[in-house]
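Here it is, the structure in full.
The values are calculated or read from the model by the stated rules, or taken from the named source; none is laboratory data. What you see is a predicted model, and the numbers here were worked out from it, not measured in a lab. No Cβ is skipped: glycine too gets one built from the backbone with ideal geometry, and neighbour counts run over all protein chains shown. Just so you know, the surface numbers come from the protein's heavy atoms only, side chains and all, with ligands and any DNA or RNA stripped out. Shrake-Rupley method; radii C 1.70, N 1.55, O 1.52, S 1.80 Å.
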Amino acid sequence: MIKHLGLKAYGKINLGLDVLRKREDGYHEVRMIMQTVGIFDRIELSLEEEPGIRVETNLFYLPTNENNLVYQAARMLMDEFCIPDGVSIRLRKFIPVSAGMAGGSSDAAAVLFGINKMFRLGLTTSQLMERGVKIGADVPYCILRGTALSEGIGEILTPLPPAPQCQILIAKPGVNVSTRSVYTSLHADRLKPEQHPDIDGIIKGIQEQDIYQIAGKMGNLLETVTIREYPVIQEIKEKMLELGAIGSLMSGSGPTVFGLFTNADAARQAFENMRYGAASNLAKQIYLTSFYNAKTSAPECV
Ligand code: ATP
């Protein structure tokens, strides 16, 4: 048994997000291009003699009980394998919360990976993914990571070649968006065909390793809902293009916006401008990062 494990849980952006229809069970059928980015939460798992799961986090407003996805992930495997020991989970958040970057799902994915390793449960990656989808639709992808096509409710994953490297500016305005309410307000069947993004065009761009084609085809159907409510998202998108991004888009259900830059100097200047300069009124959290495509297929230890 391993007594202590440090894990990195990476965030994601969507290079494309389309919603095909609402199923009878209430879930939405999606087609999304997922991409891991180099922003991560840190998770430390420690074995404790006293039974039970204890969660500690640096953000006072996050739950530390069964409502935290890290708790749910640990509970799921510890119950299934009747593990009598206790576990403490120290979660340090760096991925923006309620942002469309799958922070909570990625934390859950890392804990599934970590508990499997810590107690030598012997589950394969796909067995972890099957369990992960019960916690959240994005959890299987957060176990897989890299560049991938996500279909169904998020559980049908097809790995794609790593997207060509570029600089990514990420900006989250000071509003929190509930994924559930965005999907509730979306009426995908009432939208015109041209409002749906060209997911196949993005895949082609990835296969041809053409970052300009990817940037040109990027689109997110959920912008139709979230931008209506928070016009600042549109302002950030436009500002990023003005500052030299080759494409900009809202990630997931928002409100985080990202911009792709092929020029590292322009990316750095845009970062400075949006963080400290003339455009610093638009977003509260700003990051400069790049795509993360590890060869390993699961959250690694640190
Ligand atoms: P997605 O991109 O999957 O829609 P998100 O970025 O919109 O995710 P998260 O930050 O993953 O949203 O989750 C936000 C909500 O989930 C908050 O209400 C928060 O209280 C709850 N939550 C539970 N566990 C976590 C966690 N480990 N990290 C962040 N939020 C969590």
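How much accessible area does Asp79 have with a 1.4 Å probe, in Å² rounded to the nearest 10?
90 Å²
For the stretch 275-288, just list the computed ³J(HN,Hα) in residue order, Karplus coefficients 6.51, -1.76 and 1.60, θ = phi - 60°, integers in Hz, with x standing in for Gly and Pro.
For the stretch 275-288, the Karplus-derived couplings read 8, 10, x, 4, 9, 6, 7, 7, 10, 8, 10, 10, 9, 10 Hz, x marking Gly and Pro.
Could you rank Thr64, Thr256 by how accessible they are, 1.4 Å probe, largest area first?
Result of the area sort, largest leading: Thr64, Thr256.
Can I ask one more? Which residue fluctuates most in the GNM of the chain (Cα springs below 10 Å): Leu144, Leu260, Leu191?
Leu191
Tell me the relative contact order for the stretch 104-157 as a rounded percent, counting alpha carbon contacts under 8 Å between residues six or more apart.
Relative contact order for the stretch 104-157 comes out at 35 percent.
Given only helices, namely DSSP H runs of n ≥ 4 each adding -39500 (n - 2.57), what is the per-residue ellipticity at 222 nm of the chain, to the nearest 500 deg cm²/dmol?
-9000 deg cm²/dmol
So, one more: Using each residue's phi in the stretch 181-192, evaluate 6.51 cos²θ - 1.76 cosθ + 1.60 at θ = phi - 60° and report the 3J(HN,Hα) Karplus result to the nearest Hz, with x for Gly and Pro.
So the Karplus estimates, Gly and Pro as x, are 5, 5, 5, 5, 7, 7, 10, 4, 6, 8, 8, 6 Hz.
Please find the FRET efficiency linking Ser185 to Ile156, where r is the Cβ-Cβ separation and R0 is fixed at 22 Å, and quote it to the nearest 0.05.
Approximately 0.30, to the nearest 0.05.
List the residues whose amide H sits under 5 Å from the amide H of Leu17, counting only those 5 or more places along or on another chain, with H placed 1.01 Å from N in the peptide plane.
Distant-sequence amide H within range of Leu17: Ile33, Gly219, Asn220, Leu221.
Oh, and also: Hey, what do the phi angles of the stretch 46-60 turn into as Karplus ³J(HN,Hα) couplings, whole Hz, using 6.51/-1.76/1.60 and θ = phi - 60°, x for Gly and Pro?
Whole-Hz 3J(HN,Hα) from phi for the stretch 46-60: 10, 6, 10, 6, 6, x, x, 10, 10, 10, 10, 9, 7, 9, 4.
Next question. Rounded to the nearest 10 degrees, what's the angle between the helix 232-242 long axis and the longest principal axis of the chain, both from Cα atoms, 0 to 90?
60 degrees
Give, in nm to one decimal, the length gained when the segment between Gln165 and Asp265 is fully stretched (0.36 nm per residue of separation minus the Cα-Cα distance).
34.5 nm
Let me check I have the definition right: for the stretch 9-51, take the eigenvalues of the Cα gyration tensor, multiply each by 5, take square roots. What are those semi-axes in whole Å, largest first?
33, 19, 4
While we're here: Evaluate the distance, in nm, between pseudo-label points positioned 7 Å from the Cα of Asp79 and of His4 along their respective Cα→Cβ axes.
My value for the distance between the label points is 3.0 nm.
Considering the convex hull of the alpha carbon atoms of the stretch 186-292, report its projected area averaged over all viewing directions, in nm², one decimal.
Averaged projected area of the stretch 186-292's Cα convex hull equals 7.2 nm².
Can you list residues whose amide H is under 5 Å from Gly154's amide H, if they're 5+ apart or on another chain and H is modeled 1.01 Å from N?
Val30
Quickly work out the Gln207-to-Glu194 label distance, labels modelled 7 Å from Cα along the C-beta direction, and quote it in nm with one decimal.
Calculated label separation equals 2.6 nm.
Using a basic spin-label model with each label point 7 Å from the Cα along Cα→Cβ, how many nm lie between Lys134 and Glu229?
So the label points at Lys134 and Glu229 sit 3.0 nm apart.
Which percent of Cα pairs goes in each bin when the distances of the stretch 3-124 are cut into 5 angstrom slices starting at zero?
2, 11, 20, 20, 16, 14, 10, 5, 2, 0
Further question: If I ignore ligands, DNA and RNA and count only protein heavy atoms, how much of Arg21 is accessible to a 1.4 Å probe, in Å² to the nearest 10?
100 Å²
Right, another one. Could you state how much accessible area Val232 has, in square angstrom rounded to the nearest 10, with a 1.4 Å probe and all protein chains kept in place?
40 Å²
Scaled to the compact-protein estimate 2.2 N^0.38 Å, what is the alpha-carbon radius of gyration of the chain, rounded to two decimal places?
0.99
Normalised by the number of residues in the chain, what is the relative contact order in percent for Cα pairs under 8 Å and 6+ residues apart?
For the chain, the relative contact order is 24 percent.
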